[in-house]
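Report on one structure; see the data block that follows.
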Amino acid sequence: MKRTIAIALCALLAAACASKAPTPTASADGGKKKFVVGYSQSNNAEPYRAQLNLQLQHFLERYPDIELLPIADAKQSSATQVSQVQNFITQKVDALIVSPTEPAPLTAAVQQACDAKIPVIILDRTVNTDCYTAFIGGDNVLIGRKAGEEAVKLLPDGGNIVELRGILSNQPQIDRDKGFREAIAANPKIKIIADREAKWVKEQATPIMQQWLAQHPKIDLVYGHNDPMALGAYLAAKAAGKAEQIKFIGIDGLAIPDGGIRAVQLGQLSATFIYPTGAQEAADTVNKILHGQPVDKQQVLGTTQVTKDNAADLYKQFDLSGQN
Amino acid sequence: MTLHADNRMRRTLSALGAAQAYIGLVLVLAVGIATKGEMFLSETNLTNAIGAFASRGILAVGVTLVILTGGIDLSVGSLLGIASMTAAMMLSEHALEPWQIVPICMAVGAFFGFLNGAGTAWLRIQSFVVTLAMLSVVRGLDRQVSDNVSVGTQITGPDGQLTPQAEAFQLFGTPGHNLFGRIYYPVLAFIVVCVVFHLILTKTRFGRHVYAVGGNPTAARLSGVNVTAVTIAVFTLSGMLAGFAGPIDAAYSASADPQAGQSFELDAIAAAVIGGASLAGGKGTIVGTFVGALILTLLDNVLGLNAVSDNWQLVIKGLIVVVAVVLQRPDLFTFFRGGSRS
């Protein structure tokens, strides 16, 4: 009996949470039409995505007739994300932004939105259908290649590279690896002597780097698929007294106090490459779509290399703390 | 004759079960020495390996206490996460001294641990469910207070140098900062925690009560043990230890990540189980958990040094947990014998 009550309470709670989403479409402030936009983010917990959310909210404030619903966090689960997208479709949002966790599982949901005549902006990662209004995202192959070109520049006489990878099933990881390997092929004396998955986090990267330092007498460069992993490796090398002999390259270039731009400024990383969040472009594109203006279907964003010279300026440009 | 042989086999297996952790440790060491010799045995390598695991080892001690009473604590990873975030924020926003930060983090952990205990003892919800819920609640709070952005602990002053507080905070576990230049702080902390809780469990009345509650709660209650108080106490202690591990983890990564400690609870439980703790309660020791943690960390290190892929590492670690549990169950052996005879 007690158990039944408990289960019923849980179900009620779950239902309450699920139906809590705000009222859709035309709101009643002054009778003026307000557009409602839903956004399903693949995982709020990654600092990069948290920054994206912050920026998107910031840039959408420029358009007072657009209301962004509370950002739905899929917590890295494709199943969760599919149901979030379906929820937004049910709510009849005026536009939908999706940063897919994985391409394949989200394809059908995006198709559903498209069939329901809801314009969809795919942000950052792709889906396997053409039925969307716009794709906005960085080019990870390009960024990987730029990182590789920088590595070739940093190691003119060749050398040994170790590579810290993101989660192996993530497309950005695959692309950042691909571009990098293409670029370093320019110098056959450069070799990747070890690579491992460090799941995008510092905590995992440090012990892996410690093991590499024990195994390999000569490591010349660390390529981290993101800045936290590169910095985790830096911590390990610094502790072993080898940080001076090794170059570190990261990716992401977030303007947060312990992000990549600051690390370049402090000389911990030799370089990082800004992986643009696309938030500003997304906000502008949503606005255009809702007002019936044409938009580019494919908006591939470039990257900026962060060096000691431009780090301070870039930090200022992208720092949104205190603006919201 | 068969019965006799069975009994003997059973006794041998049972003895093997008690010694399994040590046998496992010896095996891992043997593989390490055989494949990587001096590289494996070097002081730096061993210190690094154990240091990387120390915060999970401390969680394992707390989890062992809970397991001894027949419960389980799935929330320790999240508790470590929020404690590490607390530590980083205390340091960056309030410039507190490390000696102030640690008690605060322990209090934060103990608070949520107390809630776990209260839910289990007073509301009589299974600890699996209470702590599973806590895992989610606390992770959510962690992400909320941090705005999903990692918080660095290497705070620099206007002169570009680390502030004195940040400098001192590094001693908790930033790689390369050792006590007396030799002893890596997290390793020391892990050992101290093990010694303290080993003594509590073996030398105090509270320790005997923990075993009594896990062995047979009804009997314990009838013989005057306050089962409710003991249950709440073990969860609170487990939370407190997770709070203690928080600053260590924050110092280790030089930042508190909103994802810090995710899935650490699984490593902690694995360490306890490999060390001989029984999820049925009443059976297990801190020494066993210590050895279990050593096995996991050294295994990780040996496989890493031999460049075994992460996928196979997961498979191997899982299999070892199963073997450890099977070895504790001599009855399984007779079950199969009985099955074949009928």
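The values are calculated or read from the model by the stated rules, or taken from the named source; none is laboratory data. It should be emphasised that the depicted structure is a prediction, and the values quoted were computed from it without experimental measurement. Ideal geometry is used to build each Cβ from the backbone, glycine not excepted, and the neighbour counts take in all protein chains shown. Please note that ligands, DNA and RNA were not included when accessible areas were found on the heavy atoms of the full protein model with its side chains. Shrake-Rupley method; radii C 1.70, N 1.55, O 1.52, S 1.80 Å.
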State whether the residues of the range A:146-163 include one that is under 25 Å from B:ASN306 (Cα atoms) and under 21 Å from the mean Cα position of the chain (by Cα). yes
Which of the numbered conditions does B:ILE200 fail, given that it passes all the others? Conditions: (1) buried (at least 21 other Cβ atoms within 10 Å of the Cβ); (2) closer than 22 Å to B:LEU59 by Cα. (1)
Long-range neighbours under 8 Å by Cβ, at least six apart or interchain, first residue free of Cβ contacts under 8 Å to residues at least 12 places away in the same chain within the range A:213-233, second of a type outside the set (Ser, Thr, Tyr) and assigned to a helix (DSSP H, G or I): A:ALA214/B:MET39; A:ALA214/B:ASN45; A:ALA214/B:ASN48; A:ALA214/B:LEU305
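Do you know which residues across the range B:42-77 are part of a helix (DSSP H, G or I), among the small types (Gly, Ala, Ser) and within 12 Å of chain A (Cβ to nearest Cβ)?
Step one: filter the range B:42-77 for residues part of a helix (DSSP H, G or I), giving B:43-68, B:76-77.
Narrowing the set further to residues that are among the small types (Gly, Ala, Ser) leaves B:49, B:51-52, B:54-55, B:57, B:60, B:62, B:77.
Matches in the range B:42-77: B:ALA49, B:GLY51, B:ALA52, B:ALA54, B:SER55, B:GLY77.
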Open to solvent by 20 Å² or more (accessible area, probe 1.4 Å), touching a Gly at 6+ places or on another chain (Cβ under 6 Å) and either away from chain A (no Cβ under 14 Å) or of a type outside the set (Asp, Glu) (or both) - does that describe any residue in the range B:132-141? no
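So is B:GLY176 surrounded by fewer than 22 Cβ atoms within 10 Å (Cβ to Cβ), farther than 16 Å from A:ASP73 by Cα and within 8 Å of chain A (Cβ to nearest Cβ) or not? Break it down into steps so the answer makes sense when it comes.
Numbers: surrounded by fewer than 22 Cβ atoms within 10 Å (Cβ to Cβ): yes; farther than 16 Å from A:ASP73 by Cα: yes; within 8 Å of chain A (Cβ to nearest Cβ): yes.
The answer is yes for B:GLY176.
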Does the range A:251-273 hold any residues that are more than 14 Å from chain B (Cβ to nearest Cβ) and open to solvent by less than 10 Å² (accessible area, probe 1.4 Å), and which are they? A:ILE251, A:GLY253, A:VAL264, A:ALA271, A:THR272, A:PHE273
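Assess whether A:VAL162 counts as being farther than 29 Å from A:LYS33 by Cβ, of a type in the set (Val, Ile, Thr) and outside any helix (DSSP H, G or I). Give the steps one after another, and end with the answer.
On the way: farther than 29 Å from A:LYS33 by Cβ: yes; of a type in the set (Val, Ile, Thr): yes; outside any helix (DSSP H, G or I): yes.
Against the criterion (farther than 29 Å from A:LYS33 by Cβ, of a type in the set (Val, Ile, Thr) and outside any helix (DSSP H, G or I)), A:VAL162 qualifies.
Only one of B:LEU41, B:LEU68, B:LEU59, B:LEU80 is open to solvent by 20 Å² or more (accessible area, probe 1.4 Å) and not charged (D, E, K, R); which?
Numbers: B:LEU68 fails: open to solvent by 20 Å² or more (accessible area, probe 1.4 Å); B:LEU59 fails: open to solvent by 20 Å² or more (accessible area, probe 1.4 Å); B:LEU80 fails: open to solvent by 20 Å² or more (accessible area, probe 1.4 Å).
One residue alone meets the criteria, B:LEU41.
Which residue out of B:PHE264, B:PHE235 is among the hydrophobic types (A, V, I, L, M, F, W, C) and touching a Ser or Thr at 6+ places or on another chain (Cβ under 7 Å)?
Working: B:PHE264 fails: touching a Ser or Thr at 6+ places or on another chain (Cβ under 7 Å).
Every option except B:PHE235 fails the conditions.
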If the Cβ limit is 7 Å and pairs must be 6+ apart or interchain, which residue in the range A:46-61 that is more than 7 Å from chain B (Cβ to nearest Cβ) pairs with which residue that is open to solvent by 30 Å² or more (accessible area, probe 1.4 Å) and among the aliphatic types (A, V, I, L, M)? A:ASN53/A:ILE71; A:GLN57/A:LEU68; A:LEU60/A:LEU68
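Taking A:TRP200, is it of a type in the set (Phe, Trp, Tyr), more than 8 Å from every other protein chain (Cβ to nearest Cβ) and farther than 24 Å from A:LEU314 by Cα?
Details: of a type in the set (Phe, Trp, Tyr): yes; more than 8 Å from every other protein chain (Cβ to nearest Cβ): yes; farther than 24 Å from A:LEU314 by Cα: no.
No.
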Quick one: which of A:ALA236, A:ALA205, A:ALA194 is within 14 Å of chain B (Cβ to nearest Cβ), in a strand (DSSP E or B), farther than 25 Å from A:LEU314 by Cα and open to solvent by less than 20 Å² (accessible area, probe 1.4 Å)? A:ALA194
Return a yes/no flag: does the range B:218-239 have any residue that is open to solvent by less than 10 Å² (accessible area, probe 1.4 Å), closer than 30 Å to A:LYS199 by Cα and within 14 Å of another protein chain (Cβ to nearest Cβ). no
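Taking the conditions exactly as written (open to solvent by less than 50 Å² (accessible area, probe 1.4 Å), more than 13 Å from chain A (Cβ to nearest Cβ) and not in a loop (DSSP other than H, G, I, E, B)), does B:PHE128 satisfy them or not? Full working, then the answer.
On the way: open to solvent by less than 50 Å² (accessible area, probe 1.4 Å): no; more than 13 Å from chain A (Cβ to nearest Cβ): yes; not in a loop (DSSP other than H, G, I, E, B): yes.
Spelling it out, it is not the case that B:PHE128 is open to solvent by less than 50 Å² (accessible area, probe 1.4 Å), more than 13 Å from chain A (Cβ to nearest Cβ) and not in a loop (DSSP other than H, G, I, E, B).
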